[in-house]
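The values are calculated or read from the model by the stated rules, or taken from the named source; none is laboratory data. Keep in mind the model is a prediction, meaning the values are calculated, not measured. As a convention, Cβ positions derive from the backbone with ideal geometry for all residues, glycine included, and neighbour counts pool all protein chains shown.
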Amino acid sequence: MKKIINPFVHLEDYNCFGCAPHNPLGVKLEFYEDGDDIVSEWQPRAEYQGWLNTLHGGIQSVLLDEVCGWVVMRKLQTAGVTSKMETRYLRPVSTDEPHVTLRAHIVQQRRNLVVIEATLSDSQDRVCSEAVCTYFTFPPEKARTAMHFEGCHTEEEQDK
């Protein structure tokens, strides 16, 4: 797997709940490229519970949506926004899990709409929730001007 460099860390007001490394309330996800998939591993914590020792469904949706957004940035080299998201909760996720794994990939692309499938698995590799996200993608020039997107690269590419 190749570690993806966060292209926004240099922006002064960057405070994304999903991926900003310095947001004290955020989930601080980091991402990796694994073939066609974008992957992230995250450790649940008690402050993100809904029911006792159970990861809140809204937090699960945040994690799934975020990994889908990074699919757009890395695989299509542009930015986009979620226009539709359908999430299925298959089994509870304990906030005591040592980690959960997020995995997402493109399943369909039509013009500026991209359909992405994502899963959230527990530390025993059991799929606990899954999502299908439709993203509206921006033309590269708009991604640059409106979203400050300059490209999304791996550490391996950066070192060359």
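Yes/no per residue for (1) out of contact with any Asp or Glu (no Cβ under 7 Å at 6 or more places or on another chain); (2) of a type in the set (A, V, I, L, M):
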residue: Met1; (1), (2): no, yes
residue: Asp13; (1), (2): yes, no
residue: His22; (1), (2): yes, no
residue: Glu30; (1), (2): yes, no
residue: Tyr48; (1), (2): yes, no
residue: Gly57; (1), (2): yes, no
residue: Leu64; (1), (2): yes, yes
residue: Cys68; (1), (2): yes, no
residue: Thr87; (1), (2): yes, no
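Selection of region 59-100 for residues being in contact with a strand residue (DSSP E or B) (Cβ under 7 Å, 6 or more places away or on another chain) and among the acidic types (Asp, Glu) yields Asp65, Glu86. When Glu157, Glu150 are screened for being modelled with pLDDT under 95 and either in a strand (DSSP E or B) or touching a Pro at 6+ places or on another chain (Cβ under 7 Å) (or both), only Glu150 passes. In this entry, Ser83 passes the filter for residues that are in contact with a Ser or Thr (Cβ under 8 Å, 6 or more places away or on another chain), surrounded by fewer than 18 Cβ atoms within 10 Å (Cβ to Cβ) and of a type in the set (Gly, Ala, Ser). Return a yes/no flag: does region 69-79 have any residue that is of a type in the set (Ser, Thr, Tyr) and in contact with a helix residue (DSSP H, G or I) (Cβ under 8 Å, 6 or more places away or on another chain). Within region 69-79, one or more residues are of a type in the set (Ser, Thr, Tyr) and in contact with a helix residue (DSSP H, G or I) (Cβ under 8 Å, 6 or more places away or on another chain). The residues in region 86-99 that are out of contact with any Pro (no Cβ under 6 Å at 6 or more places or on another chain) and either closer than 16 Å to Val39 by Cα or β-branched (Val, Ile, Thr) (or both) can be counted, and the count is 3. In region 144-160 there is at least one residue matching the filter, namely being farther than 15 Å from Gly80 by Cα and surrounded by 14 or more Cβ atoms within 10 Å (Cβ to Cβ).
Of all the numbered requirements in (1) over 23 Å from Pro21 (Cα atoms); (2) more than 18 Å from the chain's Cα centre (by Cα); (3) among the basic types (Lys, Arg), Arg144 misses one, and that requirement is (1).
Gln124 satisfies every condition listed in (1) touching a residue at least 40 places away in the same chain (Cβ under 8 Å); (2) surrounded by fewer than 18 Cβ atoms within 10 Å (Cβ to Cβ); (3) more than 17 Å from Asp36 (Cα to Cα); (4) not hydrophobic (A, V, I, L, M, F, W, C) except (1).
Cβ-Cβ contacts under 8 Å between residues 6 or more apart (or on different chains), taken from a first residue in region 50-74 that is farther than 18 Å from Val93 by Cα to a second residue that is charged (D, E, K, R) and outside any helix (DSSP H, G or I), are listed as Arg74/Glu33. Taking the criterion of being part of a loop (DSSP other than H, G, I, E, B), among the small types (Gly, Ala, Ser) and within 21 Å of Glu155 (Cα to Cα), the residues of region 1-52 that qualify are Gly18, Ala20, Gly35. The numbered conditions (1) under 20 Å from Asp34 (Cβ atoms); (2) part of a helix (DSSP H, G or I) are all true for Ala143 except (1).
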